[in-house]
Structure formats: structure tokens, C-alpha cells
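Asks: Have a look at the structure that comes next, please.
Throughout, read-outs are computed from the coordinates displayed, never taken from laboratory work. Just so it is clear, the model here is predicted, and its values are computed rather than measured. Because the Cβ atoms are built from the backbone with ideal geometry, glycine has one as well, and the counts that use them run over all protein chains shown.
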There are 2 protein chains.
Amino acid sequence: MAIKIALLGLGTVGSGVLKIIKNNQKKIKQTSGEEIVIKKALVRNPNKHKNVAKELDLTTDFMEILQDPEIKIVVELMGGLHPAKEYISDALNAGKNVVTANKDLMATYGSELIALAAKDRCDLMYDASVAGGIPILRTLSTSYASDMISEIQGIINGTTNYILSQMGEKGLSYDAALKQAQELGFAEADPTNDVTGKDAAYKIVILSKFAFGTKIGINDFTIEGINNLQDFDIKQAQKMGYVIKLIGIAKNIAGKLFVEVAPCLLPENAIMAHIKNEINALQIKSQSLGTAVFTGPGAGSSATASSVMSDVIAETSNYVKQINGKPFSNFSRIMKLTSSEDVKYPYYLSFDAEETLFTLSKLLSKLEIPVREIKRINQKTVVMTEEISRQQLQDLAIQDQYLRASYKVLK
Amino acid sequence: MAIKIALLGLGTVGSGVLKIIKNNQKKIKQTSGEEIVIKKALVRNPNKHKNVAKELDLTTDFMEILQDPEIKIVVELMGGLHPAKEYISDALNAGKNVVTANKDLMATYGSELIALAAKDRCDLMYDASVAGGIPILRTLSTSYASDMISEIQGIINGTTNYILSQMGEKGLSYDAALKQAQELGFAEADPTNDVTGKDAAYKIVILSKFAFGTKIGINDFTIEGINNLQDFDIKQAQKMGYVIKLIGIAKNIAGKLFVEVAPCLLPENAIMAHIKNEINALQIKSQSLGTAVFTGPGAGSSATASSVMSDVIAETSNYVKQINGKPFSNFSRIMKLTSSEDVKYPYYLSFDAEETLFTLSKLLSKLEIPVREIKRINQKTVVMTEEISRQQLQDLAIQDQYLRASYKVLK
């Protein structure tokens, strides 16, 4: 008896799923315990997908999928919040298991949908929603099941990592690097969500739930993208032995949770500093395992499709054993978020021209900001501090109008 | 109802398991679905473990564990082939689920024990047997469930990676680096299995089963360690832009399986070249995911214990749902091993002094070995070839008595 599934959406990821099921049938049957067949796909315009019309039913009506009792798994690949949320809810309520790659949705309505899946005793899996090519969510929920994670650092947006790599290594300007990323398909026509850090923020919300068991929202933390990052700072960081990366961080600081998405300086010999172009990476520090790094493609049709298929296979395997309904992550804990006093890092500070060294030194001294290095370059000033609190940094920003950029320095 | 488990052996890993269960009780209960309690531990000398005698029963008699109906999971941490094999077999036959970290055992008697577990409808998991701190086996069996792997390259022995890093970066001699590794606990008093590549070979046997579904034995492939590696070659490789690492490789070459453990040259900008000291790493190339790299500690008490606990939790979760008995990896496929003609790599060749350039050139030309670079240094000769077959290399070794070393150059 084959397991019938339905796809909502038949774009690049959907086509990738189709291809994997066609090419790797035998392995899929071995690993899932059943043959997996795509019975129906929801599309806007069936005429656009005539090439696959022989293999599966195309429909423009979600009800056809919802009311088909043969369909056991619904794979949501439409993206966006609505109607994805409604379709998934309806599918769960109809007793169907769900796989989604939709990070915006899971970061926004995750708790609600997870609770619904539990009530309906259905599986809801979304490994592909974070770093498609890195099996991070499943790893966090299984291999870290007995371990306590203290920090997760992620390069979790391929577009920005591509742009930063090109700026840093080839000396391209931000605009030129973005244009190149778009031409190569690493950036969308509208890259806003990527370059402002919002995409990475969605992912860190989901990662925090798995790594710390703690539910946070996209408005609970600071998000800074790379759209205001200057060539000047990339070059200065390099001269000091650092690489600038857009890092999503979630860290247990004395029992409170610190979350942020921002450009950070990494020492050039750190493994994370070597993660280039569209590649993603996650560095996890934990009590038992120490430091582990996972790296791979963050997106792309086949990587995301493969991640979706891992979920489909896990749900199929559960279906065969009649044990659907266990949450994707069982870990749950309430953690307070850190306040500005709790968070301490060394910072790279970049000041605009006009200030005298005397005035700046006086202010830094007044705020008790210890300085490791101070450099004047082309009438600008760059300061590397020792560890300071975010509170100190915020005070500095208020009192010094020339502070243009401040980036955490990670170890 | 708590799940009772027993430990066979209470050394560093066993103590690590004890500590994790004590410290992370709450998370373990959430993720496994049950409280997990160590009821008994098999030890040689109970007097040595008086500090834990209050928490669990110590016994010198395996029968006490075997005949205890309350014990649902037996965790084998004794190492060695016998009596580990017999104890595991007895436990499975008594309907107990088994976790083991024993790579020698799984590489040698894996198929037999896996078949026994299936017959007895018990779980047999061994994620900790390969690269303790990297959850690679579970990842291969779940996240690669629909993907076809084409190559796996592993730095899977911490001792040798530590020695090579110290030789390469600090210029230490092999003996000095080994001594340092021993002092720091990264090498055992008798490092034979590590430095001869045997330890890595056991791991690549297990990895091949998970990555390619194919059963191979330790005698089916070439194993070369680092015990004959010369400082000279490490330095020459560096001058040419390469780093030498001990790599376990398993690769699908036109449908046949190539397996080898040997020192290899990696380009210095490759991520794998940056994996230093005792750290392990696995680079996996696959159809859908492209290239992914997983890195973390390869061994150590707490990393291995954490990996063991992932298995204990998975088996507990299965036990709660009454679904024990599914193999750890379902993927199974018969692949022929490659012959010497099938395998082609560029090679780094190192020749001893006596040969004239003329004689060498003539021989290389006769064997149709294309040369990319040839260097004479201190009356020695180093050659970088283009891609050549292992057959050509073997012919060269037979016909040229001065060939002292040959290492694959990986991309």
C-alpha cells in the first residue's frame, strides 16, 4: 500500500520533491517503509504544469485535497502566511499529517499550529524551514535530546553571506555584490527580507524553540541587516584580523535568553569565518558536545526538497507504525529574555570624521568603556573595545552622535 | 513509570552518561517521554565505584542484568570484541534493547548483531560508535533518507588529526607531537590503532553501511596511517598550498564503491583543511544537498556519553510507543568495490634522493603519468601529477624503487 501525499504549490521546491520521489524510489521505500506517491498538487495555473499532468492530478481547489481520504500527508510549499495557515489548519483538522518549509509561518504562527497538530494527533514537521540543506531542526530534537545548549550562532541567510563574501574577498561594493547575487539566483528581485535580517530573524525564532525550548517572537529582539554596512568597516575589520558575517545568535546568558540578528566580527581563523558565499552554517555550543559546526547549502530547489522529503519519510514511517502526533520538538522551557545589562561582548565601533580623539577618549572613559585598540583612518575612527554591556553601548550611542556602527566581536 | 537501563562498564563514558542523566533529567523526560533511570552497572571492581553505589546497583555478574525483567535497555560501554558481543547477543535474545558505542564490534560483527536485533524485535543503536560528538549516523539514516550520497570524506580520528596539526602548524616532529597528544589525553598509551589508521577504518566501514547501504569489511580496502608520514612531505605540501590530513573516504565511482583510509592533500582553503587538533569532521556530497560538512569533537567522555544518550532516548521513545525493532539504518544495497583501474586522483609523489630527473621523467612518460609540477629539494624529488589511476600508481611503485610516498590530492 503506497502512501499518498499532496503538494500545495509546485514551484522550484515542489518540482524538486517530484524529482527526488521519481529518482530515488527504492531508497525511499526502504527508509520510510512504504512507497510514497504524489497524488495531487494544488497549483494556480494547471496549464503551466502540463509536463507533470500525466504523473499526478493538478487542481486549483484545495478542497479536492482536503476531502480526499487517501491523502495522508499534505506538503505546504506555497509560502506566505495566508492562506498557508488556513490550509495547514484545515489539513490537520481533517487528520492529515503536514510538512511545511514555511519559516515565516512557523515563526509567526508556530505555537498555534503545533498545538493544533497535537490536538489532532497529527505530525507537523518543518525541518526545511531553517537552512534547507542543513538538517538542523531534526538534529536538535534528536541528537541534542539529553544535552543542554548554551549558544547557537548561525550564518542562516545565503543571500547576505554571498554579498558579504563578495564585498570582503573581491572588494565589490554592496550594490555590485547584490546585483551579482541576483544574477546568480542567490538573491530575489526584492531582497528586502534578506538584507534587513528579517529572514534570518524568522529562522532564529524557530531555532530558539528547538535549542532552548523557549518561544520568542520576531519583535522580542534586535534585528540589524547588512543594508547599512559600509565597505570601510569590512576592510578595517579585515586589517584587524576579522571577517564580518551576518550572524543570528541565541545564547543562554546566566539563565536568560539573548537573541539577536546583526553583523558580527569573527576571527579570521574561526571555522565560521570560512563559510563563504551562499553556504549556511550553524555553530552549536553545548554542555556535553562542546562546539559543533554544521554547514551546507541554505536553500536551493534540491536541498530544500530533500529536507522536505526527510520530513515526509519520517511522517510516513510514523504513519506505518500508527504513531503520528508527537511534536517535532518536545523540549519546552520558559526563559526570560536578557536585559541590556546582562549582555556583554567586545565591540567594534566605527565613528564618523568630525570627532577629536580627545573628546572621544573622554566620553569612553566616562562610560567606563575599556579600549583595546583605537585607530584613525582617513579622518574616521575605529575602536575595538574590551567586553562592554549593551547598556554601555546604548549610552554611548545616545551621547555620541558620530557613532555610525557597532558590531559584536565573537570568539 | 521510569525506564530502567543498565550500563556494561562504568569508565569515562559510563560516568558521563551518569552525569547527563543526573543533570538533565527534566529535558530527558520531555524528549524521551519517560524518566530514565540507571538501575544497574556491570563493573570489574565495585570498590572502585563506591561514590555511585548509593545511586545504582553495582554488579560483577552480567546475569543479574540479563535476568532483571525491569531492565529494558542495556548500554554496552566495555569496548573490545568479547565478551561485548556475547553480552549484546544475550541481551537482545532476552528482549532487551541495546545501545553500544563499540565501533570495533559494529565494524566486525555488525551485520550479525543487526540481524539478531531484527529477529528479536529489539532496537540496536550505535550512533556513538563513529565520531562521538558528531551525530552522523542518525543524520545519515534520517536526513539523507531520500538523498543519494556520492562521497563521504572524514577526519574521523582525533589522535592523528591532533598529531598532524601540531606537525603542520608548530613544526613538531611526529614523535614530539605524539608525546604531546598522549600528555593531553588525545592519544592512548598504545596509539597503534589510531596512528596506523585502523580506528578510522572501523569507522569508515560503519559509515559506508549508512551512506551507501553497502556492507564492507575491514580487509576489503587499503588502510594507511600516519606512522610513516615524513615532516618533509608535510612541509612540501604546505609550500604547494595543501594541508595533509588522514582521510577516510568512501565514494561511489560509476556505481562501484571506493573505500580507503590514507593521508591526503587538501587545498588549504577547503573547510576540511581548517579542522584542527582533536576535532573530527565529515564532508558529505550528495545528489540533493550538495556538499555538507559536520564537525565537532570526535571523542571524549561527555561527547560520547551524549551520543549514547541520544540512542537511549530514541529507544525509550520507541519503547513508550511499543515500536522497538526497526533497524538503525534501513538502507541496503549491494555495490561492487572498485578495481585499480576505476579510481583516479591527482597524486602527490615523493621520491628518495638517488634518482636522476631524466630516469624519472622517462618512467613517468612510459607509464603515461601526466605531471603538473616537479620539484627537486635537498636531493629529493616531489611530483604533483594530474589525475592518474591507481593502476598507474601501482605500476610506478613496482618499477621505481625510490618512490617513498604517494598521497591522493582531494579537491
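Asks: Set the Förster radius R0 to 22 Å, insert the Cβ-Cβ distance between residue A:180 and residue A:377 as r into 1/(1 + (r/R0)^6), and round the FRET efficiency to 0.05.
Replies: Here the calculated transfer efficiency is 0.20.
Asks: For the protein assembly as shown, give me the percentage of DSSP beta bridges that are antiparallel, rounded to the nearest 5 percent.
Replies: Around 65 percent antiparallel, to the nearest 5.
Asks: Expressed as a whole percent, how much of the Cα-Cα distance distribution for chain A exceeds 39 Å?
Replies: Result for the distance tail: 24 percent.
Asks: Can you tell which of A:63, A:106, A:125 shows the greatest fluctuation in a Gaussian network model of chain A with Cα springs below 10 Å?
Replies: Maximum among the listed residues: A:63.
Asks: Using θ = phi - 60° and the Karplus form 6.51 cos²θ - 1.76 cosθ + 1.60, what ³J(HN,Hα) does each residue of the range A:261-269 get, whole Hz, x for Gly and Pro?
Replies: Along the range A:261-269, the couplings run 10, 6, x, 9, 9, 10, x, 5, 8 Hz.
Asks: Under unit Cβ charges (Lys, Arg +1; Asp, Glu -1), what dipole magnitude, rounded to 20 debye, does chain A have relative to its Cα centre?
Replies: 860 debye
Asks: Let's test the formula: R0 of 30 Å, r as the Cβ-Cβ distance of residue A:220 and residue A:57. What FRET efficiency results, to the nearest 0.05?
Replies: 0.10
Asks: If you build the convex hull over the alpha carbons only and average its shadow over all orientations, what do you get for the range B:1-140? Give it in nm² to one decimal.
Replies: That works out to 8.5 nm².
Asks: Along the range A:383-389, what does the Karplus equation 6.51 cos²θ - 1.76 cosθ + 1.60 (θ = phi - 60°) give for ³J(HN,Hα), rounded to whole Hz, x for Gly and Pro?
Replies: Each residue's phi maps through the Karplus curve to give 10, 9, 9, 6, 4, 10, 7 Hz.
Asks: Farthest toward the dipole's positive end in chain A, which of A:93, A:172, A:109, given Cβ charges of +1 (Lys, Arg) and -1 (Asp, Glu) about the Cα centre?
Replies: The residue sitting most towards the positive pole is A:93.
Asks: Now for a different question. Run the simple label-point estimate for residue A:335 and residue A:320 please: 7 Å along Cα→C-beta, distance reported in nm.
Replies: 3.6 nm
Asks: Would you calculate the volume per residue, in Å³, of the smallest convex hull containing every Cα atom of the range B:79-161?
Replies: Considering the Cα atoms of the range B:79-161, their hull volume per residue is 111 Å³.
Asks: Here's another thing I want to ask about it. How big is the equivalent ellipsoid of the range B:132-218 along its three axes, where each semi-axis is √(5λ) from the Cα gyration tensor, reported in whole Å from largest to smallest?
Replies: That gives 30, 13, 11 Å for the three semi-axes.
Asks: What lysines does residue A:362 reach when the alpha-carbon gap must be under 25 Å and sequence neighbours fewer than 8 apart in one chain are set aside?
Replies: Those lysines meeting the cut-off are A:344, A:375, A:380, A:408.
Asks: Leaving out same-chain residues fewer than 8 places away, which lysines sit with a Cα under 20 Å from that of residue A:50?
Replies: Residue A:50 reaches A:19, A:22, A:39, A:40.
Asks: If Rh is defined by the Kirkwood formula over all Cα pairs and Rg also comes from Cα, what ratio Rg/Rh do you get for the range B:137-296?
Replies: Radius of gyration over Kirkwood radius for the range B:137-296 works out to 0.97.
Asks: Follow-up question, since we're still on this one. Using 0.36 nm per residue of separation minus the Cα-Cα distance, give me the extension gain between residue B:93 and residue B:26 in nm, one decimal.
Replies: Full extension from residue B:93 to residue B:26 adds 20.9 nm.
Asks: Once amide H atoms are built 1.01 Å from N in the peptide plane, which residues 5 or more positions from residue A:133, or in another chain, come under 5 Å H to H?
Replies: Under 5 Å from the amide H of residue A:133 lie the amide H atoms of A:298, A:299, each far enough along the sequence or on another chain.
Asks: Additional query: If each label sits 7 angstrom from Cα along the C-beta direction, how far apart, in nm, is residue B:371 from its counterparts in the other copies?
Replies: Distances between equivalent label points, in nm: 5.9.
Asks: Quick one: which residues, 5+ away or cross-chain, put their amide H under 5 Å from the amide H of residue B:98? H built at 1.01 Å from N.
Replies: Here the answer is B:74, B:123, B:124, B:125, since their amide H atoms fall under 5 Å of that of residue B:98.
Asks: Now for a different question. In Å and on Cα atoms, what radius of gyration and Dmax does the protein assembly as shown show?
Replies: Reported Rg and Dmax, both Å: 27.8, 81.
Asks: Here's a follow-up. Just A:362, A:380, A:19 to compare: in a GNM of chain A, with alpha carbon springs under 10 Å, which one fluctuates most?
Replies: Looking only at A:362, A:380, A:19, the largest GNM fluctuation is found for A:362.
Asks: Here is a follow-up. Can you list the copy-to-copy distances for residue A:57, using a point 7 angstrom from Cα toward Cβ, in nanometres, shortest first?
Replies: 5.9
Asks: Sticking with this structure for a sec: Among bridges DSSP assigns within chain B, what percent are antiparallel (round to 5)?
Replies: Among the beta bridges of chain B, antiparallel pairing accounts for roughly 65 percent.
Asks: Same structure, new question: Can you give me the Cα centroid spacing of the range B:105-151 and the range A:1-43 in angstrom?
Replies: Cα centroid of the range B:105-151 versus Cα centroid of the range A:1-43: 25 Å apart.
Asks: Let me ask you something else. Calculate the length of the line joining the C-alpha centroid of the range A:277-294 to that of the range B:325-360, in whole Å.
Replies: Each part's Cα centre sits 31 Å from the other's.
Asks: For a quick check, take a GNM of chain B with Cα springs below 10 Å and name the residue from B:372, B:121, B:138 with the largest mean-square fluctuation.
Replies: Result: B:372 has the largest fluctuation of those listed.
Asks: Using the scaling law 2.2 N^0.38 Å as the reference, what is the normalised Cα Rg of the range B:344-409?
Replies: 0.97
Asks: What ³J(HN,Hα) values, in whole Hz, does the Karplus curve 6.51 cos²θ - 1.76 cosθ + 1.60 give for the range B:61-68 when θ = phi - 60°, with x put for Gly and Pro?
Replies: Rounded to whole hertz, the list is 10, 4, 4, 4, 7, 4, 8, 8.
Asks: From Cα coordinates alone, what are the radius of gyration and Dmax values for the range A:212-368 in angstrom?
Replies: 20.7, 73
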